[in-house]
Amino acid sequence: MDKLDKIRAWAKDLDEPILCFVNGSDAEVIKLAKAVLEEKIAEIILLGDELEVYDQCKVYRLPESRLYGVINPQNPRDLEQMVDDYMQESGENDRKKASRWVKNPVNLAQVLWLRGEVDWVIAQTEPFPDPPERD
């Protein structure tokens, strides 16, 4: 089963699923995101520096407007709240360490997933992960 087939199978019974790709400026991610959007399988959030992500979107002719969102891990919209939540849940007392943890793209994606803002985090494309189990 190829990557797109896995995504299709995962999304087939979901209403408006949202995928989050951690390596949002990676060429393979952009091509896969474009295919997912063309088939209207799921909404897409890409993590990465906005300029790099948008540059790759232009290269692979993925209109920025089709993306559900692009989030820069260095400056997510709820950074302070995420840092506060992480400190409370983890027991971390050092705000700088907590901020660095949240700004790690994999950790940020996990936070988005735990908050229910995304339905599947795809941290890498090789090896391609299996979909998360449904409740």
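Assorted remarks:
- Beta bridges by DSSP in the chain, antiparallel share as percent, to the nearest 5: 0 percent
- Sites K96 and R66 - FRET efficiency at Förster radius 30 Å, r taken between beta-carbons, to 0.05: 0.25
- Bins of 5 Å, starting at 0 and running to the largest distance - Cα pair percent for the chain: 2, 10, 21, 21, 19, 13, 8, 4, 1, 0
- Hz values of 3J(HN,Hα) by residue in the stretch 21-34 - Karplus curve (6.51, -1.76, 1.60), Gly and Pro given as x: 9, 5, 9, x, 9, 6, 4, 5, 5, 4, 5, 5, 4, 4
- J(HN,Hα) series, the stretch 37-48, from Karplus relation 6.51 cos²θ - 1.76 cosθ + 1.60, nearest Hz, glycine and proline x: 6, 4, 8, 6, 7, 7, 7, 10, 10, 10, 9, x
- Ordering of 66-72, 112-118, 55-61 by packing is 66-72, 112-118, 55-61, highest average first (other Cβ atoms within 10 Å, averaged per residue).
- Proximity of backbone amide H atoms, modeled 1.01 Å from N, is registered between V70 and L46 at under 5 Å, excluding neighbours fewer than 5 places apart on the same chain.
- Between D84 and F128, the distance separating the two model label sites (each 7 Å from Cα on the Cα→Cβ line) works out to 4.0 nm.
- Charged neighbours of I122, selected by a Cβ distance under 12 Å, balance to -3 (K, R count +1; D, E count -1).
- 17 Å Cα-Cα reach of K3 towards lysines, excluding residues that sit fewer than 8 places from it in its own chain: K12, K31, K34, K40
- Between D2 and Q74, the FRET efficiency estimated from the beta carbon spacing at R0 = 35 angstrom works out to 0.60.
- Cα centroid separation - the stretch 92-135 against the stretch 51-67, whole Å: 22 Å
All of the numbers you see were taken from the coordinates with simple rules; none came from a lab. Small disclaimer: the values here were computed from a predicted structure and weren't measured. Here Cβ is always computed from backbone atoms with ideal geometry, including for glycine, and neighbour counts include all displayed protein chains.
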